[in-house]
Ligand code: GLU
C-alpha cells in the first residue's frame, strides 16, 4: 500500500470510557468496530474517553488496553486521550461562537425540567430560555449549540433509515457543561474529525446521539463518517449489560477468549463450537476472515453466562 492508498482507506475507531473494567457491551463495541475496519483492510484507532475526570476510575484505561492486547486486538497509531485535548475542544468552541452558533445558558437542570414541554428520550427538551441571553445572575454557565428546525436523516448500516428532528426531540444542546467539562457530543465529533475517522461503529445506546453529532459535523463543515450501531446485550434482569448491574465482572469470570467467542456469536457471526477453546488471537483472526456485516442482528438481546 502506498501512502496515498493508506490515507484513503477506511478509518474506524473504538472509544471506551475508562469508568470501570471492560465489560461485555464494551467488548462488543471493540469487536464490531475492529471487524468492520479490518475486513476492509482499514485502520482501527483507539481513543480513551477520559473527558469527565471525576468519573474516571484510575487504572481502568490501562487495564482495558492490557485486556485488548491479550485478546489479540491491534490498534493503529498512538492511543488518543481526550484529557490531553481540552485546548483543542476550546478552540473549536471559539470557532463555533465566532460563527454565532453558541449561547451561554444559566438554567439549572431543575428549571429546564420544570419548563420543558416534553421529557425527551435524552432527558428534557431544552425550551430555549437563554437563547437571547442568559437569565438571572447565576455565574456557572453551560454553553449550548443552537439547533435549527430541521430533520436529520441518516442511514445506519444495520438499523437502516433514522430520522430525528433536533428542535422537537432534543433542543439546543450542551457543548460545554456548567461544571467546566466539555460535553461528550463535542469531544467525540472533534476527535473523529481530527483523526480522519470514516466509520463509527458503537452500541445502539448512542443511536439517539448521532443526529446531534451529524448536526455538529454540518456546523464544522466536515465530511460525515458512516454509522453502524450494534445491538445491545441485556442481562437476565433485563437491563443493558453494563457496569451498573455488576456485569462488568463477566469478562473475567470466563477466560477472555471464550468471551470473545460469545461476542462473535452475539454479533451473529456463528463461530463454530470447536473454536470456543481457541487462543483469543486466532479466534479474532477467524472473526476477521469470516466476518459478514449482513449477519449482524438489529435486535437487542438477552445473554446468559453459565
Ligand atoms: N465513550 C463512549 C462509551 O464508552 C463511546 C463513544 C462513541 O463510540 O462514540 O460509551
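Can you give me the number of residues within the stretch 257-306 that are buried (at least 19 other Cβ atoms within 10 Å of the Cβ), in contact (Cβ under 8 Å) with a residue 60 or more places away in the chain and part of a helix (DSSP H, G or I)? Number of matching residues: 11.
Being at positive phi and either within 12 Å of the ligand (Cβ to nearest atom) or crowded, with 20+ Cβ neighbours inside 10 Å (or both) is a description that does not apply to residue 180.
Inspect all residues belonging to the stretch 67-79 and state whether any of them is away from the ligand (no atom under 13 Å from the Cβ), without any contact (Cβ under 8 Å) to a residue 12 or more places away in the chain and under 24 Å from residue 265 (Cβ atoms). Taking every residue of the stretch 67-79 in turn, at least one turns out to be away from the ligand (no atom under 13 Å from the Cβ), without any contact (Cβ under 8 Å) to a residue 12 or more places away in the chain and under 24 Å from residue 265 (Cβ atoms).
Taking the conditions (1) closer than 26 Å to residue 198 by Cα; (2) out of contact with any helix residue (DSSP H, G or I) (no Cβ under 6 Å at 6 or more places or on another chain) in turn, residue 57 satisfies each one other than (1). Take the conditions part of a strand (DSSP E or B) and under 29 Å from residue 108 (Cβ atoms) and apply them to residue 189. Does it pass? In short, no.
I need the full set of residues from the stretch 36-60 which are in contact with a strand residue (DSSP E or B) (Cβ under 8 Å, 6 or more places away or on another chain), over 27 Å from residue 285 (Cβ atoms) and either more than 10 Å from the ligand (Cβ to nearest atom) or free of Cβ contacts under 8 Å to residues at least 60 places away in the same chain (or both), in order please. Result: 50, single match. Inspection of the stretch 18-35 identifies at least one residue that is within 11 Å of the ligand (Cβ to nearest atom), within 24 Å of residue 262 (Cα to Cα), assigned to a loop (DSSP other than H, G, I, E, B) and touching a strand residue (DSSP E or B) at 6+ places or on another chain (Cβ under 7 Å).
Throughout, read-outs are computed from the coordinates displayed, never taken from laboratory work. On a predicted model such as this, the values are computed, not experimentally measured, just so you know. Heads up, the Cβs are rebuilt from the backbone with ideal geometry, glycines too, and the neighbour counts pull from every protein chain shown.
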